[in-house]
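The values are calculated or read from the model by the stated rules, or taken from the named source; none is laboratory data. All values reported here derive from a predicted model rather than from experimental measurement. Neighbour counts run over all protein chains shown; Cβ positions are idealised from the backbone, glycine included. To get the accessible areas, we keep the full protein, side chains included, count just its heavy atoms, and leave off ligands, DNA and RNA. Shrake-Rupley method; radii C 1.70, N 1.55, O 1.52, S 1.80 Å.
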2 protein chains.
Amino acid sequence: MATTHDRQLVEQWRSIQNSYFRTAGAIDRALEAKFDIGLNEFEILDLVAESEESACRMKALGERTPMTQSAVSKVVDRLEKAGLVSRQTCVDDRRSLFLELTEAGRALHSTAAVEHRALLKENLG
Amino acid sequence: MATTHDRQLVEQWRSIQNSYFRTAGAIDRALEAKFDIGLNEFEILDLVAESEESACRMKALGERTPMTQSAVSKVVDRLEKAGLVSRQTCVDDRRSLFLELTEAGRALHSTAAVEHRALLKENLG
DNA sequence: TGTCATTGAATGACGCGTCATATAGATTGA
DNA sequence: TCAATCTATATGACGCGTCATTCAATGACA
């Protein structure tokens, strides 16, 4: 039976979806237009920028994002191809990699982050 | 400069993302497993079920969902192929279509909706 | 009525995320 | 030390959503 509580749940969910898509879409389009980088790429860049100094990042990245391990790997591929990030082999465990921002990556991140925060502020209230 | 307000915004955004993906993922997997239908398919089905009686739906659907017009069209393709929905031509405006649940569609919707609401409740609190 | 712009929907090319797998390196324990 | 197992990442096939475009029907206006 369709209770009014059900209706409320559905409405709440739709409103979450709408604001999620509105916000993600706005940020994605803005970053794409101004920096030629997608939202997921920026978010990985952001995580890497945040964690300068801790090691063997690919693994850690996977734990800090809802993306799949394989998605992270492909995002990093693109970032690397764009020259924003570089994979460094990790001496203690040669299966692992850790990531570094290149100069270009650091530069792009710092200006893109301003835009990103501004759009979050605008969209999240 | 990275203010602490910025940090809060970013944290808030990540938490929204996480709960969005957690919830959407859980529902999607459950519907897929039990009813062989994805979340977007269910949501269109749900919208159609809701609006029995109003006409020329394709258009209206696009306004009630963050999906693209073309995404809606493809979701409806799949629903139609699965025999859950049928496209009816609209006499007043022959460019438009409106949608109807088939018997199978109505049946599936009513049991899947129970599951859907339960998962929303569980995930949204 | 004939043209031109607009609208509802479908389609194809394309990019991205996911799942299942592959590969190489690490770990355990006999 | 050698299997067996596990762990970190990469890769390929695949499905889906998006964008740009197309097509048909409509509307507007001379």
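Look through segment B:96-108, keep the residues that are free of Cβ contacts under 8 Å to residues at least 24 places away in the same chain and open to solvent by less than 80 Å² (accessible area, probe 1.4 Å), and return whichever of them is farthest from B:Ala49 (Cα to Cα). Steps first, please.
Restricting attention to segment B:96-108, the residues satisfying the condition of being free of Cβ contacts under 8 Å to residues at least 24 places away in the same chain are B:102-104, B:107.
Subsequent filtering for residues that are open to solvent by less than 80 Å² (accessible area, probe 1.4 Å) retains B:102, B:104, B:107.
Values: B:Thr102: 10, B:Ala104: 12, B:Ala107: 11 Å.
The extreme case among them is B:Ala104.
On the basis of being in a helix (DSSP H, G or I), within 16 Å of DNA strand D (Cβ to nearest atom) and under 23 Å from A:Gln12 (Cβ atoms), does B:Ala113 make the cut?
Spelling it out, it is not the case that B:Ala113 is in a helix (DSSP H, G or I), within 16 Å of DNA strand D (Cβ to nearest atom) and under 23 Å from A:Gln12 (Cβ atoms).
Scanning segment B:1-24 for residues that are facing another protein chain (nearest Cβ under 7 Å) and under 30 Å from B:Val114 (Cβ atoms) returns B:Ile16, B:Gln17, B:Asn18, B:Tyr20, B:Phe21.
Just give me the residues in segment A:84-95 being part of a loop (DSSP other than H, G, I, E, B) and open to solvent by 30 Å² or more (accessible area, probe 1.4 Å), in sequence order. Before you say what the answer is, go through the steps one by one.
Step one: of segment A:84-95, the residues part of a loop (DSSP other than H, G, I, E, B) are A:84, A:90-95.
Answer for segment A:84-95, where residues must be part of a loop (DSSP other than H, G, I, E, B) and open to solvent by 30 Å² or more (accessible area, probe 1.4 Å): A:Val91, A:Asp92, A:Asp93, A:Arg94, A:Arg95.
Just checking, does segment B:93-108 include any residue being within 14 Å of chain A (Cβ to nearest Cβ) and within 24 Å of A:Ser15 (Cα to Cα)? Checking segment B:93-108: not a single residue is within 14 Å of chain A (Cβ to nearest Cβ) and within 24 Å of A:Ser15 (Cα to Cα). Scanning segment A:109-125 for residues that are more than 10 Å from chain B (Cβ to nearest Cβ) and surrounded by 17 or more Cβ atoms within 10 Å (Cβ to Cβ) turns up A:His109, A:Ala112. When restricted to residues that are away from chain A (no Cβ under 13 Å), surrounded by 14 or more Cβ atoms within 10 Å (Cβ to Cβ), outside any helix (DSSP H, G or I) and within 14 Å of DNA strand C (Cβ to nearest atom), segment B:25-83 contains 4.
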